[in-house]
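Each remark here refers to the structure printed beneath this line.
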Amino acid sequence: MFTLFRYGLIPIVIYCVVVIAAGIDVYSTNVVQKSTWPQTVVTVMQSQDFGQAVAEFRGTQNTFPDPRGTVKYVIDGETYTWQGRGRDIGVTVMNPGDQINIYYNPKNPREISTLVLLGASTGSIIMTVAFAFLAFYFWFFWLRGFLRRSGSDDFDGNVAESFGDKHPTAIIRAPMEQSFDRGPRATFGKR
């Protein structure tokens, strides 16, 4: 049964490795882009959020804002227009006239982002759980057996041998045997 779980959990192990690798890739890419991409300011020209319209119609709060819109920005005297989903550039609020600080790729100024990692806290929790599972899996199924040392600490009931004494001293039985052979024995109660 132990071997079944050791090898049966391999798909979950692979999934956890992929999750951790993807998380490391996302965080490292974000750090590199923040340090190498210049910033500019974009102006929201047009925006609409269908989820907000539905929430207002219901009389509830919009718990997942997902605006779509158009922004304009100028880089090196050239005007660019970006149109799409706000979450694609890391924005959850887009109101016409808003100005948003944004990073852009100097090699391709049409590639823009706020470099805000939406959902980073949830992603961090998932990565932590995946790492904890991997640590437990490798310890329980692979390392635990290798870390056990055989020898003097495995006494299997022989306490004297566990302390390094391969030849335990013999228990002296003579005084006990002699004490039983001396004269009449004392009895308790009636004879």
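Just so it is clear, none of the values below were taken in a lab; they were calculated from the coordinates. Predicted, not measured: the structure shown is a model, and the values here were computed from it. FYI the Cβ positions are ideal-geometry reconstructions off the backbone, even for glycines, and counts take in every protein chain you see.
Taking all Cα pairs closer than 8 Å and separated by 6 or more residues, the relative contact order of region 63-154 comes to 19 percent.
Residue by residue, region 124-141 carries 3J(HN,Hα) couplings of 5, 5, 5, 5, 5, 5, 5, 5, 5, 4, 4, 4, 5, 4, 5, 5, 5, 8 Hz when phi is fed to the Karplus relation 6.51 cos²θ - 1.76 cosθ + 1.60 (θ = phi - 60°); x denotes Gly or Pro.
Classify region 44-131 as rounded, prolate or oblate, taking a ≥ b ≥ c as the square roots of the eigenvalues of its Cα gyration tensor: rounded when a/c is under 1.5, otherwise prolate if a/b is larger than b/c and oblate if not. Oblate is the answer for region 44-131, as a/c is 1.5 or above yet b/c matches or exceeds a/b.
If the segment from residue 41 to residue 6 were pulled out straight at 0.36 nm per residue, it would be longer than the present Cα-Cα gap by 7.3 nm. At full extension, residue 134 and residue 62 could sit 22.2 nm farther apart than now, given 0.36 nm per residue minus the alpha carbon distance. Taking amide H atoms as placed 1.01 Å from N in the peptide plane, the amide H of residue 98 lies under 5 Å from those of 44, each 5 or more residues away in sequence or on another chain.
Once you reduce region 49-98 and region 120-143 to the center of their Cα atoms, the two points are 36 Å from each other. Ranked by the mean number of other Cβ atoms within 10 Å per residue, highest first, peptides 103-115, 53-65 order as 103-115, 53-65. For region 1-153, the fraction of alpha-carbon pairs lying more than 26 Å apart is 51 percent, rounded to a whole number. Classification of region 1-72 by its C-alpha gyration tensor yields an oblate form. The axis ratio a/c (a ≥ b ≥ c) is 1.5 or more, and b/c is at least a/b.
Remark: region 107-118, residue by residue, has Karplus-estimated 3J(HN,Hα) of 7, 9, x, 6, 8, 10, 6, 7, 6, 8, 7, 5 Hz, where x stands for each Gly or Pro and the curve is 6.51 cos²θ - 1.76 cosθ + 1.60 at θ = phi - 60°.
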